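In what follows, a single structure is set out as structure tokens and then discussed.
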Amino acid sequence: DNGGADAGGWDAPTGGGSGGGGCFITTATVTAMGLADDCEELTLARSLRDNNVDNTDSGKRKIKLYYSIAPSIVERFDGDWKEIYTKYIVPVTELVRQNRVEEADRIYTAMCIDLFDRYGLRYSDTEQVELAAEIAGISKETPYAVKYLLVRTALKFYKWFKG
């Protein structure tokens with residue numbers, strides 16, 4: 001059970017990133033918590049994305065990967081949305097409110113890596129694996145099975161290293 005949250009209707013923004021959709025995981029979390037689409041948590045997450053993360057090439061690649069994987073995370077999630085809210089969304093909201101956007105982005109990224117690892121990247125997700133491999137600089141000629149293992153290993157290493 002995903003606490004009443006699902007991926008239906010949460011489209012990535014069209015154009016440059018601003019707009020109502022695109023914060024799939026935050027939207028699922030605040031929906032499960034009974035909060036509105038215009039709540040502070042979601043508004044500030046969108047602001048972080050639109051005004052900070054989306055301004056660099058690496059940020060654009062990170063967002064592209066997020067839009068590719070996040071809907072499947074929300075669909076597959078069988079954990080506790082309250083845990084996600086408390087562990088990640090509340091601190092990110094507070095940091096953005098304090099204009100500590102780099103720290104907020106690090107926490108949001110850590111959340112995504114954790115959830116990508118647990119729910120969002122399966123061997124059969126070829127499009128997402130290929131995109132993650134491309135972002136990681138893995139050669140296109142690398143066999144798919146090796147790409148998948150390298151991406152999965154990178155996710156584990158990131159989680160281990162970041163604690």
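At a glance:
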{"quantity": "Protection proxy ranking of 34-42, 69-77, 128-136 - average other beta-carbon atoms within 10 Å, highest first", "calculated": "69-77, 128-136, 34-42"}
{"quantity": "Where N is the number of residues in region 80-163, Cα Rg divided by 2.2 N^0.38 Å", "calculated": "1.25"}
{"quantity": "Residue-level accessible surface for residue 64, protein heavy atoms, 1.4 Å, Å²", "calculated": "120"}
{"quantity": "Rounded to the nearest 10 Å², the accessible area of residue 101 at probe 1.4 Å", "calculated": "30"}
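The values are calculated or read from the model by the stated rules, or taken from the named source; none is laboratory data. Not measured: the values here are computed from a predicted model. We place every Cβ from the backbone using ideal geometry, glycine too, and count neighbours over all the protein chains shown. Surface accessibility is based on the protein's heavy atoms, side chains included, excluding ligands, DNA and RNA. Shrake-Rupley method; radii C 1.70, N 1.55, O 1.52, S 1.80 Å.
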